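Report on one structure; see the data block that follows.
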Amino acid sequence: AGPVTPALPSEMPTVGQTFESGVDKPFESAADELVSESKHPLEQLEQLDQTARERAQLGDMDAVIECRIKQLSLQRLLVHLYDFPVAELVLAQIKLVEAYAVGGYKKQAQDHLDQARETCRSGVLESGEHAELGDDVQAQRLEVDLLLAKGISLYHESKFDAAEKTLADVTSLARQVFGDRTARSGRAHGLRGKIAARARRWDDAVWHFRQALRAHADGDTSEDAVRARLELAKALHAQGSKDEAVNEQRAAIEILEGSADPDFVAPDLLASSLAQLARWLEARGKDSEPEALDLLQKAERIFDRCRHVQGPSSTVLDEADAYITGSSFDAGKHTDERAQLRLVQQQKAKAEAARDKESVHMLNAEECRLRSSIDMTRTLVQKAVEIKREIALLQLKVGNHSDALDYLLRCEYLERWLHGSQSANVGRILKALGTVHLAMQNIGKAEESLTEALHIFEIHLGTNDPVIKDIRAKLNSIAAAGGN
């Protein structure tokens, strides 16, 4: 049996009243916007864990790090004031190590890993106090987690040989301590599978991903178990076992469809899984194209349902819809966070010039929040563009020119928002638009789109590039047809 969790008083100081600094100064971070300090500390820990998973799915690792930092502060408070198990503090530090490693912060990851290991070795906290860690079994369990964190760090430093060796130690020790089926072994095998896949050792990759899946209990529908199945499907497809890959992908999708909650991360994973299956089916040939198109449109519907709980990203996508349909869009009801960021930066510069430290501190926190939110918005909008672009190209392939045009126009708007009007991304969409307009005999619009695409690509590519030659050939054909 594990350690007994001490009773927690209903009235507790917040993390802001930190025992480390000895002053009533709030811990300000991106996580402050995601959890209320008025909540019970255990509720905060649970909410921060969920938020960290959501932000990790979006690739917003800075926000994940902020969540993990705040969780670590909460655990320090619980250990220091209420004798909570030190093992939980070590595990919180390990989660922070992993977040730093994935985010590319090598030094911070190593520092916290060293601190966590020292706490396990000596039972001495950073504050200098001695704390009882637990029995030898508890120490062995934590050693598995520490080794896994080290393996994750090495993997994200691209030290794959060292990572492989460390992760092999994880799987061996985890089997001794936890038995054959444990999520820790699953994660280690999953990373070893990725290392094998990077080296294009597909047989090894498939074996490790199968072991990762086997590490989960039968019927496990957790996110980790689903991801292991999705990785297995990709490795099988690359190995050449394409039918089996499709079957594994379908199985993962079935699990996600049975558990998806529009307010959680699973729908986004479901949408990307549907899109991947659609690509594989499209590659099979013409007979599979209708199902591929249905899957992509299903992915789009799921994404659209999710976007309304994702904040500012829905604003950008709503703007694109209004732009295409000609409907009204009340910009006054929406927030332009990029404009807000510019204003905050201006205010911070004035505060710094006036040496107003308190204002600078507050504006730094607001700048951090806005940057994190903008990065998340960009990630979501980019995913929307990718799905809509794939639908457009498949619509064009099956001859649905009008639908293809509608999707490409939305992509054009979103690509301009993401990358700017003179970007190569916009140039590619304009070239596709020109091709669709030609097929629909909209000659004037085709010439307009292709001419703008040509000007953009002349900035980015050499004059003899095949893309530029193709656009010029199309424009010459339009000019020749007009002359006749």
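Of the whole protein surface, Lys431 contributes about 50 Å² of accessible area at a 1.4 Å probe radius. Three principal axis extents describe the C-alpha atoms of the stretch 35-193; from largest down they are 44, 39, 30 Å.
Listed by chain and number, the lysines whose alpha-carbon sits under 21 Å from that of Lys286, ignoring those within fewer than 8 places in the same chain, are Lys242, Lys298, Lys388, Lys397. Accessible area per residue was computed with a 1.4 Å probe on protein heavy atoms; Lys474 scores about 40 Å². Residues whose amide H falls under 5 Å from that of Leu461, counting only those 5 or more places apart or on a different chain, are absent, with hydrogens built in the peptide plane.
Of the residues Lys388, Lys445, the one with the largest accessible area comes first in the ranking Lys445, Lys388, computed with a 1.4 Å probe on protein heavy atoms.
Please give the solvent-accessible surface of Met61 in Å², to the nearest 10, using a probe radius of 1.4 Å with every protein chain present. Only protein atoms counted, so the area is about 30 Å². Within the same chain, lysines fewer than 8 places from Lys357 are excluded, and of the rest, those with a Cα less than 25 Å from its Cα are Lys25, Lys70, Lys348.
Ordered from largest to smallest accessible area (heavy atoms of protein chains, 1.4 Å probe), the residues Val226, Val360 come out as Val360, Val226. Rounded to a whole number, what % of the accessible area of the stretch 58-124 do carbon and sulfur atoms account for, probe 1.4 Å? Here it works out to 49 percent. Averaged over its residues, the stretch 144-277 has an accessible area of 44 Å² per residue, based on protein heavy atoms and a 1.4 Å probe. Students often forget the sequence filter, so: which aspartates and glutamates lie under 15 Å Cα-Cα from Lys194 once same-chain residues fewer than 8 apart are removed? Excluding near neighbours in sequence, the set is Glu157, Asp161, Glu164, Asp203, Asp204, Asp224, Glu231. The listed peptides 79-85, 91-97, ordered by packing as a protection proxy, come out as 91-97, 79-85 (highest mean of other Cβ atoms within 10 Å first). Placing unit charges on each Cβ (+1 for Lys and Arg, -1 for Asp and Glu) gives the stretch 144-237 a dipole about its Cα centre, and among Trp202, Leu148, Gln176 the Cα reaching farthest toward its positive end belongs to Trp202.
Put His216, His237 in order of accessible area, highest first, and with a 1.4 Å probe you get His237, His216.
The values are calculated or read from the model by the stated rules, or taken from the named source; none is laboratory data. Just so it is clear, the structure is predicted and the values come from calculations on it, not from any experiment. Reconstructed Cβ throughout: ideal geometry from the backbone, glycine too, with neighbour counts over all protein chains shown. Areas reflect the complete protein model, heavy atoms only, side chains present, ligands, DNA and RNA absent. Shrake-Rupley method; radii C 1.70, N 1.55, O 1.52, S 1.80 Å.
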